[in-house]
Amino acid sequence: MDFALGAEAGAVFDMARAFGQDRIAPHAQAWEEAGEIPKELWPELAELGFGGLYVSEEAGGSGLSRLEATLVFEALSMACPSVAAFLSIHNMCARMLDDFAAPALKDSLLPGALSMQTVLSYCLTEPGSGSDAAALKTRAECTGTGWKLTGSKAFISGGGYSDGYVVMARSGGAGPKGVSAFYVPADTPGLSFGGLERKMGWKSQPTRAVQFDGCEIPAENLIGEEGQGFTYAMKGLDGGRLNISACSLGAAQAALDATLEYMRDRRAFGQSLTDFQALQFRLADLEIELQAARVFLRQAAWKLDQRAPDATKHCAMAKKFVTEAGSRIVNQCLQLHGGYGYLADYGIEKLVRDLRVHEILEGTNEIMRLIVARSLVSK
Ligand SMILES: Cc1cc2nc3c(=O)[nH]c(=O)nc-3n(C[C@H](O)[C@H](O)[C@H](O)COP(=O)(O)OP(=O)(O)OC[C@H]3O[C@@H](n4cnc5c(N)ncnc54)[C@H](O)[C@@H]3O)c2cc1C
């Protein structure tokens, strides 16, 4: 058993961390205020191979393991979890295309996705179906020459901003087996977007409803086999859950680092805050929780890489544990900053807001418990 990162994995982490500190951290607050991440950032990330982190090398991707990919998200989140999480969604879509799209569709879409000239969004949730995603109602009708999509998706990260949408829609009967996956380019007639959602965190990412009003796409835009879309969508989620956990972890680490620095300088009652034993113990608890989260996450990523039979359960457990630990840690870091923690300039309140949604999406943490509980009682 070896808990150390190899040289290559360490280099991946360092590269992502350096890029994040140089190109993302100085702008994170401005992008949050603008409500948008400049599109020019993505090709820069793509130059580092981050447009297709776990797209196979044969297809032009970086071919990283899931564990290595979590390092990228952990490192980038030390600069801004909202930017890192958006990259995770794009990567989830790119991997779906690599794994399941027919060769012609892959050839036409992957180069743009890998260079991030084409930014991708993932459209599963609908106004009437979130956790119960298999109940989705968006219809995909076969027209003979292609598909016609009608319906509405809710909460889409990058809605109205991305260049292409991976859409799960119902081409058959009720239930998961009636769902297929499609690629819908942003300029498809009949595709429109709701207003910008006003939200607690992840403010630099635009979130909008995505509407399909008789959107016609060619037959080739069906991803993989008809009726397999739900399976494909769920396959992407194990990795997505690891990534979102890594985003919580990196942000929590950044908050703890900043808090230590702040506490060393800040004085009260004639001494530094780090001299109060009650606060030292608080810091120790945060460090213990953070390190436990890191080990648990990396073990889950390793299980997914090994295709272990209990990988899905471990991804769910890690997502629940790490995202909740991350939220608790950043909230405690805010408290240790006193009133300054509440001010935007110190960067901690943004992390508290950004991390909250990690407990909700990629499957809520209740659904994570459901996955774990089912695996326990179904033997
Ligand atoms: C900022 C943001 C960005 C998002 N981006 C995307 C995106 O890009 N693409 C996308 O497809 N979706 C996206 N989502 C949607 C997200 O995945 C859903 O919000 C999430 O899956 C929960 O669905 P819901 O909101 O419909 O809640 P519901 O499913 O209605 O759940 C409500 C509550 O009931 C609980 N609950 C539901 N079922 C059960 C059960 N069986 N047992 C116990 N508890 C249960 C839930 O845990 C939750 O607490 C995004 C959401 C947000 C907030």
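The condition (being among the hydroxyl-bearing types (Ser, Thr, Tyr), over 18 Å from the mean Cα position of the chain (by Cα) and not in a loop (DSSP other than H, G, I, E, B)) is satisfied by just one residue among SER121, SER152: SER152.
Against the numbered list (1) closer than 30 Å to ILE348 by Cβ; (2) part of a helix (DSSP H, G or I), LYS177 comes up short only at (1).
Scan segment 356-371 residue by residue and report those that are acidic (Asp, Glu) and in a helix (DSSP H, G or I). GLU359, GLU366 - these are the residues of segment 356-371 that are acidic (Asp, Glu) and in a helix (DSSP H, G or I). The residues of segment 262-277 that are over 20 Å from ARG328 (Cβ atoms) and in a helix (DSSP H, G or I), listed by number, are ARG264, ASP265, THR274, ASP275, GLN277.
Selection of segment 29-58 for residues being within 17 Å of SER88 (Cα to Cα) and not in a loop (DSSP other than H, G, I, E, B) yields LEU41, TRP42, PRO43, GLU44, LEU45, ALA46, GLU47.
Filtering segment 338-356 to residues that are small (Gly, Ala, Ser) and either near the ligand (Cβ under 10 Å from one of its atoms) or more than 24 Å from VAL83 (Cα to Cα) (or both) leaves GLY338, GLY339.
Against the criterion of being modelled with pLDDT of 95 or more, among the β-branched types (Val, Ile, Thr) and more than 17 Å from GLU57 (Cα to Cα), THR145 does not qualify.
Scanning segment 363-378 for residues that are under 16 Å from ILE244 (Cα atoms) and not charged (D, E, K, R) gives GLY363, THR364, ASN365, ILE367, MET368.
Kindly check whether there is at least one residue in segment 363-378 that is touching a residue at least 12 places away in the same chain (Cβ under 8 Å), under 30 Å from GLU261 (Cβ atoms) and crowded, with 21+ Cβ neighbours inside 10 Å. No - not one qualifying residue is present in segment 363-378. Scan segment 278-298 and tell me whether some residue there is closer than 25 Å to SER88 by Cβ and outside any helix (DSSP H, G or I). Checked segment 278-298: no residue is closer than 25 Å to SER88 by Cβ and outside any helix (DSSP H, G or I).
Specify which of the listed residues (LEU242, LEU196, LEU222) is of a type outside the set (D, E, K, R), surrounded by 21 or more Cβ atoms within 10 Å (Cβ to Cβ) and touching a Lys or Arg at 6+ places or on another chain (Cβ under 7 Å). Unique residue meeting the criteria: LEU242. Residues in segment 148-171 that are over 18 Å from GLY195 (Cα atoms) and either at pLDDT below 95 or within 11 Å of the ligand (Cβ to nearest atom) (or both): VAL166, VAL167, MET168. Screening the candidates CYS123, CYS93 for the property of being under 30 Å from ALA254 (Cα atoms) and buried (at least 23 other Cβ atoms within 10 Å of the Cβ) yields one hit, CYS93.
Among all positions in segment 357-373, there is no residue which is more than 16 Å from the ligand (Cβ to nearest atom) and either among the aliphatic types (A, V, I, L, M) or under 18 Å from the mean Cα position of the chain (by Cα) (or both). Before we move on, is ALA308 in a loop (DSSP other than H, G, I, E, B), of a type in the set (A, V, I, L, M) and touching a helix residue (DSSP H, G or I) at 6+ places or on another chain (Cβ under 9 Å)? For ALA308, the condition - in a loop (DSSP other than H, G, I, E, B), of a type in the set (A, V, I, L, M) and touching a helix residue (DSSP H, G or I) at 6+ places or on another chain (Cβ under 9 Å) - is met. Can you confirm whether segment 324-337 contains a residue that is over 29 Å from LYS203 (Cα atoms), in a helix (DSSP H, G or I) and more than 16 Å from the ligand (Cβ to nearest atom)? Checking segment 324-337: not a single residue is over 29 Å from LYS203 (Cα atoms), in a helix (DSSP H, G or I) and more than 16 Å from the ligand (Cβ to nearest atom).
Residue-level analysis places GLN205 outside the set of residues that are touching a Ser or Thr at 6+ places or on another chain (Cβ under 6 Å) and closer than 30 Å to GLY173 by Cβ.
The values are calculated or read from the model by the stated rules, or taken from the named source; none is laboratory data. Here the structure is a predicted model, which means the values were calculated and not measured. In this analysis, Cβ positions are derived from the backbone assuming ideal geometry, glycine residues included, and neighbour counts consider all displayed protein chains.
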